[in-house]
1. Rounded, prolate or oblate for the range 302-440? Axes are the square roots of the Cα gyration tensor eigenvalues, ordered a ≥ b ≥ c, and the cut-off for rounded is a/c under 1.5.
2. Please list 426-433, 132-139, 213-220 highest first by mean number of surrounding beta-carbon atoms within 10 Å per residue.
3. Using the Karplus curve 6.51 cos²θ - 1.76 cosθ + 1.60 with θ = phi - 60°, work out ³J(HN,Hα) for each residue of the range 358-369 in order, rounded to whole Hz, and write x for Gly and Pro.
4. Please compute the volume of the convex hull spanned by the alpha-carbon atoms of the range 297-372 and report it per residue in Å³.
5. Starting from the amide H of Ser188, placed 1.01 Å from N in the peptide plane, find each other amide H under 5 Å away whose residue is 5 or more places distant or on another chain.
6. Would you rank Asp326, Asp96 by solvent-accessible area, highest first, keeping every protein chain in place and using a 1.4 Å probe?
7. With charges set only on the Cβ (+1 for Lys and Arg, -1 for Asp and Glu), what does the dipole of the chain come to about its Cα centre, in debye to the nearest 20?
8. Give the separation of the Cα centroids, the range 102-118 to the range 339-363, in Å.
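The values are calculated or read from the model by the stated rules, or taken from the named source; none is laboratory data. Note that the structure is a prediction, hence the values are computed from the model and not measured. Cβ placement follows ideal geometry from the backbone for every residue including glycine, while neighbour counts extend to all protein chains displayed. Just so you know, the surface numbers come from the protein's heavy atoms only, side chains and all, with ligands and any DNA or RNA stripped out. Shrake-Rupley method; radii C 1.70, N 1.55, O 1.52, S 1.80 Å.
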Amino acid sequence: MSRILSVFALIAAFFAASLFAPVRYAMAQDSLSVDIQGPGQAKMNLVLSQPFAGGGQDAASRKLQDLINKNLAFMPFLQVVPPSQMLGQLSGPQADQIDFKPFGMARVDVLVTSAWTPGGNLGNVELRAFEVYSQKVIVGKGFDSVTDAQLPDIADRFCMELMLKLTGQGGFFNSQLAFSKPNGPKNSEIWVVRPMGRGLTKITSYGELGMAISPSWSFDGGKIAFTLIGSRSHYLGVWSGGGKPAVHTMPCTSVVSPHFLPNGQIAVALNLRSESAIYILNSAFQPGAPTVKTNGIAVSPSFDKSGRLMAYVSDEAGSPNIYLRDMGSGSTRRLTKFGYNTNPSMSPDGTLVAFTRQTGGGQKVFVLDIATGAEQQVTSGPGSDENPSFAPDGYFIAFASTRGGASKIYVTTRHGTQPVMVPTGDGAARMPSWGPLPGK
């Protein structure tokens, strides 16, 4: 069934064009691309047209449309323009059925169409993303005999391909978050969730026996290390992708901020002999000589994907600051020069460190360029923002925030784009850690 988008007066079309004028216009480009790792944050205008659906498929088409829209909200390099604001006609979902000129006049870069046809279960669907200027399909996906349960995965797969085409990175849709959810004054459990809010699963069940906090994904996405606070001591917990987590007893009562190295070993801050230092555990999950030992505390190790660089926190200069250690040479240098700084997270490529700083407006997340020392505050607003964690693509950053009242998990980027809340169910959510899906 063909559909015609709402047609406005030509004046309205030019008004829409001026409204989105600050966004880059694709006609000047040979092909669409956004450098999300660069110093700026370019944007593209995208229109998601109303779906073309046959009889009995309206509900499924609307649900898929809504899922794609929610996914697009996590892509700050896209400005989603309501189709009702466009002057143009679509008599069908394919290029020869679309009048692209009005979309080009309104500076739309990408046009997405969906078409449903009768088939098994809910039917068959085809999704296409067109580059408006060239009128070429840049992403095309078809799915047959679609079920209701498959709709979220279809939305994710299409948006992953679109992000990959536009930015060279699609890992957001192949990643997962671990976080701590408190259930009372004496209990917190570790949960996992996809950043879009799907697959919410509790992986620990300690109840009043302890508090599971500070999760850390392994670099392959197969394991989570965490601290288990019991009534008399701290323990190291390790979840290996299923079943009950293993619990390891350390030769001290304080186990702080465990973190995986790329080779699968675990670094953790332990308080041995009244000294807080960072240790790398052996295959029996026991410490040897300290890797970092200072005149004060040393906690919160975080590594790049090579394992060569480690960021950590030390108060040897009087207040907590972020330091960088070269694991090969053993050389160490201080990165932050002032303030109260905690919770470092290394970007996978080793060029940036995200961290929390105490400011006059509460705790906020900053990103520091290791080569230049330049800092950028990437969160603002009410409440406190803490525990940043870089995504495996080095672009997105998850953090916990009380900006809406109870602590929740939000996603921003290395450029400080508008945060989007990750659905994590009822109750508070804290201490996010970002990892890839296993095998991705």
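1. In terms of gyration-tensor shape, oblate.
2. 213-220, 426-433, 132-139
3. The phi angles translate into 6, 10, x, x, x, 6, 9, 9, 10, 10, 10, 7 Hz.
4. Numbers: hull volume 6.4 nm³, N = 76.
Enclosed volume per residue, from the Cα hull, is 84 Å³.
5. For Ser188, the qualifying residues are Asn183, Met211, Ala212.
6. Asp96, Asp326
7. Once rounded to the nearest 20, the dipole reads 640 debye.
8. Using only Cα atoms, the two centres lie 40 Å from each other.
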